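Asks: This structure is in C-alpha cells; I'll ask about it shortly.
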Amino acid sequence: MIEPLGNLLRLRRLLDESPFDALVAVSPENVTFTSGIVIASQKWARDRLALVVWPKSGEPAFIVCNIEEPQTRRDCWIQDIRPYVEFTQSPIEMLAATLNEMGLGEGRIGIEKNYLTAHYWDELQERMPRARMEGCDAILAGARAVKTEAEVERLGRAARLTEKSLLAVFATIAEGETEKSMFDRIASNLLLVGGDSLSHVYVNAGPNTGFPHCDPSRYEARRGDIVNADIGIYFGNYLSDIARTGVVGAPSEEQRSVYSRLLEVHLECIDAVRPGRLASDEYGVMKNGLARVGIPFSLPHGGHGIGLILHEHPTLDPRNGAEFEPGVVVCVETRVRWPGQVGYRIEDLVLCTDGAPRILTGFFDNSRLFEI
C-alpha cells in the first residue's frame, strides 16, 4: 500500500470548515493527492474518469475503471474501491450511486468544475437533481499548497537532480553546438540522474532566448551568445522547474549588468516569501524592483507553486490574495525578454518557513552569469 505524501490533515480541516457535505476529486493531480496513487490512463483517456469521493463524515470511496481496479486495490490506502465497466456504465452513474448511498442525494457537493467536462456535468445534474453541486477547486488547491515534510524532501530532490543535469551540460557546451544538441544532452541527463520522466526542456541560444517557450532549433551557439534553459522532471510524481542563464565565452559589460540587476531583484523576491505576505505582494516586489533597476517587466506573474502539477496554487500574480504560510513551496522566476533579441531567466525553488525563506535549489550556483 502506498501512503499519500500530501497534506490530507489540512484537506480534512478545510472540508470541515467548508459548507460542503463531500468533496469529489476529479483531476489527475487531486486524485493522486487524495488517493496516493497515479491512475495513468486518466491523463490520456479523458472519458475514463477516476474519482475520489471524500465525505465530511465517514471514509472516502474511490471510483475507477474496472481495468484499473486490480492495481488500485493493491496500492491504494482507500479501502472502498468501486469499479465501473467502461463503455457499459458511465462513471457519473457510479458517482451518483455512491453519493446517494452515502446519504447525500440532497447534499451540498463540492466538485472540480474546472476539470469536469460539460457533458459529465450535465449528466451529474440529471442524475442528482436534488443535490447542490458547486466548485471546490479552491479548497483542493489550498490543501495541496502547504506541503508536508515528505513533499518538501521530494521536491528538493527533484530540483537538485535537475540542477545537476543542467550544470553538466552548461559546463560542456561548445561554440557551434546547436540548441537541438543541447536539448538532447539535457533530456538524456535528466533521466540518467534519476528523473522518472521529462516535464519540460526549453534550451535556447542567441536571439531565441527572447522567447518564453521556443522549441530547440538548429541554431548554433556563437561566442558572446546568451544561453538559457528552463527545465523540469517528474520524480516520484512530483515536479521540478528551474531556469539558469549563461553566456558563451566572457560576458560583455552589458550582459554582466543585466544579469546582476536581475539577480538583485530575484534575491529580493526570494526574501519576500515569508508568512503573512500575499502572493500579490511578491508580484509587486518583482515589478517594482525591476523598474528600480531599469529592467522592463510586463509579464503576468512572478512565479508559481509547484507539486503534483507544474503551476500549482499560489500563482504569484497581481490579483492573488493567497497568504504565504510555512510549508508553501514556490518557484520564484525572475526574467526579462526582448523578443527575437535576447532573454535572461533565473528560477529557484523556495520554501516558506516560520522565519527566513529556505532556498531548495543551489547546486547550480546562480550568483553570477555562468561562463560557458
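The values are calculated or read from the model by the stated rules, or taken from the named source; none is laboratory data. These numbers were taken from a predicted model, which means no experiment stands behind them. Here the Cβ is made from the backbone with ideal geometry for all residues, glycine too, and neighbour counts use every protein chain on show.
Asks: Return the pair list, or none, for Cβ contacts closer than 7 Å from residues in region 323-339 that are under 14 Å from GLY276 (Cβ atoms) and in contact (Cβ under 8 Å) with a residue 12 or more places away in the chain to residues that are of a type in the set (Ser, Thr, Tyr) and not in a strand (DSSP E or B), at least 6 apart or on different chains.
Replies: PRO326/THR353
Asks: Related question: Residues to consider are ASP215, ASP225, ASP281, ASP271; find the one that is in the same structural domain as ALA356 (by TED's automatic domain parsing), at pLDDT 95 or above and closer than 26 Å to ILE186 by Cβ.
Replies: ASP225
Asks: Against the condition of a type in the set (Val, Ile, Thr), touching a residue at least 60 places away in the same chain (Cβ under 8 Å) and surrounded by fewer than 18 Cβ atoms within 10 Å (Cβ to Cβ), how does THR148 come out, does it pass?
Replies: When the stated conditions are applied, THR148 passes them.
Asks: Output the residues belonging to region 146-158 that are in a helix (DSSP H, G or I) and charged (D, E, K, R).
Replies: Of everything in region 146-158, those that are in a helix (DSSP H, G or I) and charged (D, E, K, R) turn out to be GLU149, GLU151, GLU153, ARG154, ARG157.
Asks: Something else: For region 45-61, how many residues are touching a residue at least 60 places away in the same chain (Cβ under 8 Å) and closer than 10 Å to SER35 by Cα?
Replies: Number of matching residues: 0.
Asks: Let me ask another. Would a scan of region 276-287 turn up a residue that is farther than 23 Å from PRO357 by Cα, assigned to a helix (DSSP H, G or I) and touching a residue at least 24 places away in the same chain (Cβ under 8 Å)?
Replies: Of the residues in region 276-287, the ones farther than 23 Å from PRO357 by Cα are none.
Taking every residue of region 276-287 in turn, none turns out to be farther than 23 Å from PRO357 by Cα, assigned to a helix (DSSP H, G or I) and touching a residue at least 24 places away in the same chain (Cβ under 8 Å).
Asks: Oh, and also: Output the residues belonging to region 317-346 that are in contact with a Cys (Cβ under 9 Å, 6 or more places away or on another chain), surrounded by fewer than 22 Cβ atoms within 10 Å (Cβ to Cβ) and not in a loop (DSSP other than H, G, I, E, B).
Replies: Listed by number, the list is empty, since nothing qualifies.
Asks: Output the residues belonging to region 349-358 that are in a strand (DSSP E or B) and more than 14 Å from GLY305 (Cα to Cα).
Replies: Answer for region 349-358, where residues must be in a strand (DSSP E or B) and more than 14 Å from GLY305 (Cα to Cα): just ARG358.
Asks: Scan region 14-34 for residues that are β-branched (Val, Ile, Thr) and over 23 Å from LEU310 (Cβ atoms) and report the count.
Replies: Of the residues in that region, 1 qualify.
Asks: Still on this structure: Kindly indicate whether LEU161 is surrounded by fewer than 16 Cβ atoms within 10 Å (Cβ to Cβ), in the same structural domain as GLY236 (by TED's automatic domain parsing) and assigned to a helix (DSSP H, G or I).
Replies: No, not satisfied.
Asks: Within region 35-54, is there a residue that is surrounded by fewer than 19 Cβ atoms within 10 Å (Cβ to Cβ), within 27 Å of LEU310 (Cα to Cα) and touching a Lys or Arg at 6+ places or on another chain (Cβ under 9 Å)?
Replies: yes
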